[in-house]
Every structure is written in structure tokens, then in C-alpha cells.
Amino acid sequence: MKLRTGLFAAVAAVALAVASPVQAKTFKFAFQGDLSSLDPHSLNESFLLGTLGNVYEGLALYDPNMQIVPGLAESWKILTPTTWEFKLRQGVKFHGGQDFTADDVIFSWERAGRDGSDQKVRNSMIKSITKVDDYTIVVETPAPNPILVQDLPYLFIMDKEWSEEHGTTSSTSAAGDNAGNYANLHANGTGPFMIKSHEADVKTVLVRNKDYWDGDMPTNVTEVIFTPIKEAPTRVAALISGELDMVYPVPVQDWERLDNAEGVKALTGPEARTIFIGFDQGRDELLYSNIKGKNPFKDQRVRAAFVHAINLDAIKEKIMRGAATPTGLLAAPQVNGFVESLNSPYAYDPEKSKALLAEAGYPEGFEVTLDCPNNRYVNDEKICQAVTSMLAKVGIKVDLLAQPKSKYFGKVLATSGYDTSFYLLGWTPGSMDAENVLSSLIVCQNADAKKGMFNLGNYCNPKVDELTAAIGSETDQAKRNEMIAEAFKIVKEDVGYMPIHQQPLSWGVSDRVTVNQRADNGLDYRYVIVNE
Amino acid sequence: MISFIFKRLLQSVIVMLTVALIAFSMFRFIGDPINNMVGQDTSQADREQLAEQLGLNDPFLIQFGRFALNAVEGNFGISYKYRQPVSKLILERLSATLELSFVSAVLALVIGIPCGVYTALKAKGLISKGIMTLSLIGVSLPTFLIGILLILLFGVILRWLPTFGRGDVVAIGWWTTGFLTASGLKSLILPSITLALFQMTLIMRLVRAEMLEVLRTDFVKFARARGLPDRSVHFKHALKNTLVPVITITGLQLGSLIAFAIITESVFQWPGMGLLFIQAISDVDIPIMAAYLVLIAFFFVIINMIVDILYYTVDPRLRADSTA
């Protein structure tokens, strides 16, 4: 709320300032990672998409609260359950001066599906695009898909002419022979900012697109300078010293330091990412446990014993400095299909936990290894340590294996055959819709159908699978949400997972600027305002 | 001399191959590169296809062989992350690292040697004791901490100097230099002090120990007896005779300066090769890691060679031996 009023005030300030001549306003910020490529289809990763979202645009855009608003398409409507009509915005020009038309949309969709692209998932949501005229297209989906537009903000539109001229009709990839791919180092979008210079991992400078179609956007920034800063202490120092206007992420333990420093503050809010712990329920014997011949996690009572042993409030207070949101659901409030009534966490009750373990035949507990990344999520290793010690109190001896993310993901994901018994993971659905959560994390593993790929422990309930399939093609929103709620309810009763919390977003912002913190950790320059 | 250089260059190829072999045998323990190259929604089939195309499923000896063959042709492959040729990325970063290492080496020598001489000559003086105590800090504090403390003092509290980066650089061909702009020079100060501090104290202590040794020898006493001025005794006779070990250590340390600039570069976000390398480790960017390690091995071999050549000029006994 505070943020919104701030935003409105700033918008008003800009409106007043419009009369005065435009001055150069530079916004400098740092992020921990780098913009690895300028190619909009090269990597389906939130920082790259969030940053390039200022340069390229999709048919739809996110507003500051992550709601879908018209972008390069002015409007859309569903014609039949599998066909949509989009009216494209007229008079939009690419940075290079080319006109934006239906051909560009078709070209970009095709490019996203070619070899080398990491946007094949978004490409496959559309079966065909028919051009009616230059500013009208009809899109056909393989199956009824009521949330098609949820996936459009990050299907970026490139100019066909420009791409063909520079030989970049397929995406930049490390494999293959296209190292000289033009779009990797050059950009030509329709967005509010243009790339002025880009040195990989050193510095990227963007300047305002004066001809941007949305003249009402709040920002007064004319130039953006982005520097990656890998080390957190350096990042925080650069903010406090006044060299930068914003840095993110800021370690949770540095919030106090920012609050005590002059002219800067920590901007925090709940991220749409849910952190949770999963159990291997698929194998007949756990890979990493002292129980042989059977898998204790197949027993619902054991899983229940685990979740009741964890004090999520203690994790929130002691590890996350009060900023996390303990949860009982794998979908965050920002996600379409979120169910308020199911969101309360499992109760903390170690006595019940011990009783359940005894009832299941493990009165003395057992041993199991917990796989945990140590540089992927906010305080991930500390969370695992806390879980380890809390489980010890009910007799479960956890052997913690915390590793850097490259090692961790190399071990637990499908590529290594899900080599884990017990693991911590985080998830933000790319489409911001609960269906993605269900079909990635909750349905039975099925490599052929490309389902359940991140259901590392193979939680499997045929009823949930049925519901998920039905959700995928239900066009009635109310019915759809009902089914989502039903599926989540079953998972909760089964104790399919141990949800921990929504982790906090943690930005360090100078008082000189006002920014909008989007729930997917995206920084949209459209809403950055440099104060007088 | 020419055959000596030629032999050394031949050795360098063997050293580089060995380094690359060891590196490749270790890369598979660093983690899975594919997961860093695709988004979470990318299908299993696409992930496997990518691994196949990059040859990641081949045995490491084949991967190594492919790397070695391409490297001989000067092709170090394409970075997994940046999707650009590795040789281009390293070349862009080379100037930043070399400038930083050069300034640090000069600082270490220009401050280290005079301090060493002074503390040896005035071993009991108050200033000497002060310098020696300070030098303990330089030897014992970790580079990372020194860097952070300097940032805190000069960047955050006093706000005199920038806390990160290289400032504005000027491109001269492919070389970028920070020497020609005010912000570039300012940006150099903190990282070069951080990087130089350890070497500086090392050189100082070495020079001091050697000087104390030499000052006790007969020929120095004889020189004094001849009535030569102190200046001449100290610098012409004593200092010159301490230089052989100093050159060895300085040479090797120059290699370390380049190699261990990694830590300084990541504290100050100095856009050099070390930063590129450390980033590559967390991204499992194998082509960058391999090329960097081989390049560093090459630097060490070359520096050793230069050190050996310098011996000839400093120590006349070696020249006599080789002609005999």
C-alpha cells in the first residue's frame, strides 16, 4: 500500500513536471547476476526476461501488480475454445524505425520454436497463427487454453525485416555454429528503452525510446546503467556510498545496516516464489537412508510427522528476519488459482509428530539425507540447517548435504535420474498460474508427456492427475479455480510436500528514486522515477 | 640463449596440456552446466539434446582431446553463458587484469624494496619497528577482508574513491585502458593497493632478511674499510647482491598477482579475467574455465623464463658458467 501511494505521488509529480523541459535523468543499478545475452529467446530466466522486457515487448504486458494488461496487442477475445483473435496496436515502431505488424508476431513465434531457442515451451502453447490483416491475427491453441495471455508477456516480438537482414532468424545458442548471432549483442525491440551499449558481465547502458507508444508511462528516466556486482558486500557498499541508486538482492542480514544508513532503505515484499521440501515417494527403497527394504516416505503418517515437526514461525523470525510468509500451499498469493483457505501452514506439533512416527513403526526415528542448495534461494542453507535440527527433536537424524546450485541441480534433477531422497526446492510458475505448479511439481512423473518434471520425489495421485488434465482445458474460470482448489486440497491431505514459505524480495533502494517491486523480482523501468 | 628460449616454449606447451588435462578431469565434479543454460520450463528432451550437441556426454578424454585440438588452432570454443567466442571474452578482459597486476607489482616493488632496505639498515629504529608491525597485518589479513575494509573506509565513510568497477576506460585497439581518465585512475587505487599489499610485505621482508645477511659478509666490511661512502656500500654492493632471490620471488609473485587477482577482482567487481573465471565456475562455463587455466599456466611459464633470463644479467657467475 505504501508503495502504491508512493507510486501515485510520484506519478503526480511527473505529471506536474511535464511542463518543464526534459532533463537527463540517469538511473544506475546493480544486480548479482548478469544479462547473459540480448537475444530475447535465448534463455527463459527471470532476470534476462525482466530486463529485456524494457527493450522488447510481448502482445501482453505485466502491470506493476503483475496483472496482465494490453501490450503490443490492443485487445483480444476468444472466438472458439481453441482460437483467439488479437487486435494489434497500430503505429508502433521498432527502435530501428520499422513498423510493427502481424508478420513480426508470426516471425517471432516461429523463431521461439526453432532450434537454439529456450522459449520452445511458449512457442508450443500456440499451434498456428493466421494473419487476417496487418493488425489482426487469429491464434489457434493445441487445446482449449483459457490462460493463453498469461504466457504472452515474455514471448517477445522481434522485427522480421531486421532479423532477416542480420541473419538472426533463429535464436542464439552455445551449441551449434551461430556464435556470431547478431541478436546476441544487438537489440531492436519496441520497448520504452533501447540498448545503447552492452559489454557482457561489465556494463549495459540503455537510453529512453522517445517514440515509445505509451506516452503516459510514469518514468522520467532517460538513461539506465546496469552493472552486475557479484559480491553482496560490494553491492551494498556501492548503494550506501551513493554510487548506485538501487541494488538487488540485498542479504536479509544487511537490512538493519541499510535502515541505519542515510538516504537508503531496504525495500522488501513477498516474492511469488514458494520454498518447499519434497520427499521421495516413488522408490521402493530410499537411496539415502538407514531404512532398507521399504520407503518410509510412502507412508502418509511419516510425511505428516515431518511437516508437524517444523516450526515455520521460528524459521521466519530467526532466519528470514520476519520477512518470509509461512505457507501451506505451493502456489503464492500472486499466482492465479491461489486458494486462501488452504494457505495456512501445517500446525507445529512435535508431540503429534512423535506419535505419528511411532504409529507408522518408527518410534526411534530414522536417518535420511537432505539435499540443499547453498547459493540459490534466500538463506537456503540456513533453512535446511533449521529443518535438520527441528527434525532431530522428534528423532529423525538428517544428514545435510548443502552444495552450490550447479552441483545440487546436477544431482537432483531428471538428468541424473532424481538422485535424492529429501530435498529443498523453490518454484515460481513461469505463467503465474496454478496449472503450471500442478503440472510441474505435483502430477506423476511422465517424461513422455513432459509432465511432473520437477516432481523430484514423484508424489503421485491419479485423482490429481485427472484434475490437472481437466484444468488444462477448462475455459470456465470459476469451474477451473474450483478444480485447482480441489487438487491442492488433495495434495495437502496427502502431505505430498512440506511447504516452507514465500521468500522475501530484498532490494536496496536510494531515497533519490522510486521503483516498483514486482513479485517476480522484475525491475520494470517504466515505473522507475528519479526524484528531484 | 635462443635454444634456451625455444626449450622453454616447448616445455610451456607440455605444462599447458597437463593443466588442461587435469582441469578437464575435474570439470565433471563442478556440476551440471545444462541447468544454467536453460530455464526451468525447458523440457528434458531439449536439455538432453543440448548436452549431446555440446559433447558433454562424451568421456572426458575425448572432451579434452577435442579441446586440445581446437586450442592448437587458437579456437577456445564458445562460452556457454554468453554465447560468444571465449577468446574474444578473455581478450576483452585481459587488459583490465594486466593493468591491475602491473600497477600492483610496481607498487609492491617501489614501496617494498626501499622499506626492506630501510628496515635492514635501521633495524633498531622506531620507524622500522612500526613498518615491521604494519607489514604483519599485510601478511596475515585475508585479501577479501582488506578489500572490504578499504571499500568501507574510502568508499562508504569518506566517499573519496569508487567502491567498484573500472571507471571510464579508453579503447586503444582491442586494449582498454583506465590510465587515461580520472575515474579510471581513481578506480585503480583501492584494488591495486589490496592486491599489492601481500606482495609488498613479502618483498619487504625478503629484502630486509637478505640485506641483513649481506651486510654481515666480508666484502661489505671490506668495502667499508676501503672508505667507500655508505650510499655506495648499501646500494651498489649490498642491495645488488640481494637481488637474485628478490627477482625470483617477484617474478613468481607477478604470476600470482595475475592469477590471484581473482579475489581482488571479485571484491571490487573489477572486470578482469579473474572475475570472468569465478563467474564461470558458478555457471559451470567449461570453455571459459579451460581457456583461463591454460592461459594462466602459459603466463607462469613465460614469467619463469623471463626470471631465468634476468639471472644471467644480475649474476655474473651464471654467465661465466655458461661460457665455460
Going residue by residue through segment B:165-182, is there one that turns out to be of a type outside the set (S, T, N, Q), in contact with a Lys or Arg (Cβ under 8 Å, 6 or more places away or on another chain) and part of a helix (DSSP H, G or I)?
no
Looking at (1) β-branched (Val, Ile, Thr); (2) more than 14 Å from chain A (Cβ to nearest Cβ); (3) surrounded by 21 or more Cβ atoms within 10 Å (Cβ to Cβ), which one does B:Thr133 not meet, given that it meets all the others?
(3)
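Given the condition under 30 Å from A:Ala238 (Cβ atoms), in a loop (DSSP other than H, G, I, E, B), aliphatic (A, V, I, L, M) and modelled with pLDDT of 95 or more, answer yes or no: does some residue in segment A:510-531 qualify?
First, pick out the residues of segment A:510-531 that are under 30 Å from A:Ala238 (Cβ atoms): A:510-531.
Keeping just the survivors that are in a loop (DSSP other than H, G, I, E, B) gives A:511-512, A:515-516, A:518-522, A:524, A:528, A:531.
Then drop every residue that is not aliphatic (A, V, I, L, M), which leaves A:515, A:519, A:528.
Adding the requirement that they be modelled with pLDDT of 95 or more leaves A:515, A:528.
Taking every residue of segment A:510-531 in turn, at least one turns out to be under 30 Å from A:Ala238 (Cβ atoms), in a loop (DSSP other than H, G, I, E, B), aliphatic (A, V, I, L, M) and modelled with pLDDT of 95 or more.
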In segment B:179-194, is there at least one residue being surrounded by 14 or more Cβ atoms within 10 Å (Cβ to Cβ), small (Gly, Ala, Ser) and at pLDDT below 90?
no
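For segment B:136-164, give me each residue that is at the interface with chain A (Cβ under 8 Å from one of its Cβ atoms), in a helix (DSSP H, G or I) and surrounded by fewer than 17 Cβ atoms within 10 Å (Cβ to Cβ).
The answer is B:Leu152, and nothing else.
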Just for segment A:187-220: of the residues that are surrounded by fewer than 20 Cβ atoms within 10 Å (Cβ to Cβ) and under 30 Å from B:Pro85 (Cβ atoms), which one is modelled with the lowest pLDDT?
A:Glu199
Scan segment A:426-440 and report the pairs whose first residue is within 12 Å of chain B (Cβ to nearest Cβ) and whose second residue is of a type in the set (Ser, Thr, Tyr), with Cβ atoms within less than 6 Å and a gap of 6+ or a chain change.
A:Gly426/A:Tyr377; A:Trp427/A:Thr274; A:Ser439/A:Thr468
Of all residues in segment A:238-256 being in contact with a helix residue (DSSP H, G or I) (Cβ under 7 Å, 6 or more places away or on another chain) and assigned to a helix (DSSP H, G or I), the one that is surrounded by the most Cβ atoms within 10 Å (Cβ to Cβ)
A:Ile240
Restricting segment A:221-237 to residues that are surrounded by fewer than 21 Cβ atoms within 10 Å (Cβ to Cβ) and assigned to a helix (DSSP H, G or I), the one nearest to the other protein chains (Cβ to nearest Cβ) turns out to be A:Pro233
Inter-residue pairs, beta-carbon under 8 Å, first without any contact (Cβ under 8 Å) to a residue 60 or more places away in the chain and in segment A:268-282, second buried (at least 22 other Cβ atoms within 10 Å of the Cβ), 6+ apart
none
Please work out if B:Ile258 is in contact with a helix residue (DSSP H, G or I) (Cβ under 8 Å, 6 or more places away or on another chain), surrounded by fewer than 20 Cβ atoms within 10 Å (Cβ to Cβ) and among the β-branched types (Val, Ile, Thr).
no
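Scan the helices (runs of 4 or more DSSP H) fully inside segment B:1-83 and keep the ones with 3 or more residues being of a type in the set (A, V, I, L, M, F, W, C), in contact with a helix residue (DSSP H, G or I) (Cβ under 7 Å, 6 or more places away or on another chain) and touching a residue at least 60 places away in the same chain (Cβ under 8 Å).
Values: elements: B:2-27, B:34-37, B:44-53, B:60-72.
Here the list reads B:2-27.
When segment A:441-468 is examined, which residues are found to be of a type in the set (Ser, Thr, Tyr) and in contact (Cβ under 8 Å) with a residue 60 or more places away in the chain?
Across segment A:441-468, the qualifying residue is only A:Tyr459.
Please work out if B:Val220 is in contact with a Ser or Thr (Cβ under 7 Å, 6 or more places away or on another chain) and surrounded by 17 or more Cβ atoms within 10 Å (Cβ to Cβ).
So B:Val220 does not fit the description; no.
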Members of segment B:84-112 that are in contact with a strand residue (DSSP E or B) (Cβ under 8 Å, 6 or more places away or on another chain) and either at positive phi or without any contact (Cβ under 8 Å) to a residue 12 or more places away in the chain (or both)
B:Gln84, B:Pro85
As an exercise: evaluate A:Asp280 against (1) of a type in the set (Asp, Glu); (2) surrounded by fewer than 19 Cβ atoms within 10 Å (Cβ to Cβ); (3) modelled with pLDDT of 95 or more and give the number of the one condition it does not meet.
(2)
Tabulated pairs, segment B:276-289, first facing chain A (nearest Cβ under 7 Å), second crowded, with 24+ Cβ neighbours inside 10 Å and among the aromatic types (Phe, Trp, Tyr), C-beta under 8 angstrom, 6+ apart or interchain:
B:Leu276/B:Tyr292; B:Val284/B:Tyr80
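Within segment A:450-468, track down each residue that is closer than 25 Å to B:Ala45 by Cα and more than 23 Å from the chain's Cα centre (by Cα).
Going residue by residue through segment A:450-468, those that are closer than 25 Å to B:Ala45 by Cα are A:450-462, A:464-466, A:468.
The answer is A:Cys460, A:Asn461, A:Pro462, A:Val464, A:Asp465, A:Glu466.
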May I ask you to say which residue of B:Ala291, B:Ala259, B:Ala280 is closer than 26 Å to A:Ser406 by Cα and at pLDDT below 90?
B:Ala259
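Of all residues in segment A:118-151 being surrounded by 17 or more Cβ atoms within 10 Å (Cβ to Cβ), in a strand (DSSP E or B) and touching a helix residue (DSSP H, G or I) at 6+ places or on another chain (Cβ under 7 Å), which is farthest from the other protein chains (Cβ to nearest Cβ)?
To start, the set of residues in segment A:118-151 that are surrounded by 17 or more Cβ atoms within 10 Å (Cβ to Cβ) comprises A:118-123, A:125-126, A:129, A:135, A:137, A:139, A:141, A:145-151.
Now restrict to residues that are in a strand (DSSP E or B): A:129, A:137, A:139.
Next cut, touching a helix residue (DSSP H, G or I) at 6+ places or on another chain (Cβ under 7 Å) only: A:129, A:137.
Working: A:Ile129: 21, A:Ile137: 24 Å.
Only one residue tops the list, namely A:Ile137.
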Boolean, B:Glu99 is closer than 30 Å to B:Ala51 by Cα and either surrounded by fewer than 21 Cβ atoms within 10 Å (Cβ to Cβ) or of a type outside the set (Phe, Trp, Tyr) (or both):
no
Elements of type helices (runs of 4 or more DSSP H) contained in segment B:222-293, each with 2 or more residues being within 16 Å of B:Leu98 (Cβ to Cβ) and more than 13 Å from the chain's Cα centre (by Cα)
B:273-283
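Residue under question is B:Ile113, and the condition is that it be crowded, with 19+ Cβ neighbours inside 10 Å and not in a loop (DSSP other than H, G, I, E, B); does it hold? If you could, list the steps in order and put the result at the bottom.
Numbers: crowded, with 19+ Cβ neighbours inside 10 Å: yes; not in a loop (DSSP other than H, G, I, E, B): yes.
Spelling it out, B:Ile113 is indeed crowded, with 19+ Cβ neighbours inside 10 Å and not in a loop (DSSP other than H, G, I, E, B).
The values are calculated or read from the model by the stated rules, or taken from the named source; none is laboratory data. Everything numeric in this text was worked out from a predicted model, so none of it was measured. Glycine gets a Cβ as well: all are built from the backbone with ideal geometry, and neighbour counts include every protein chain shown.
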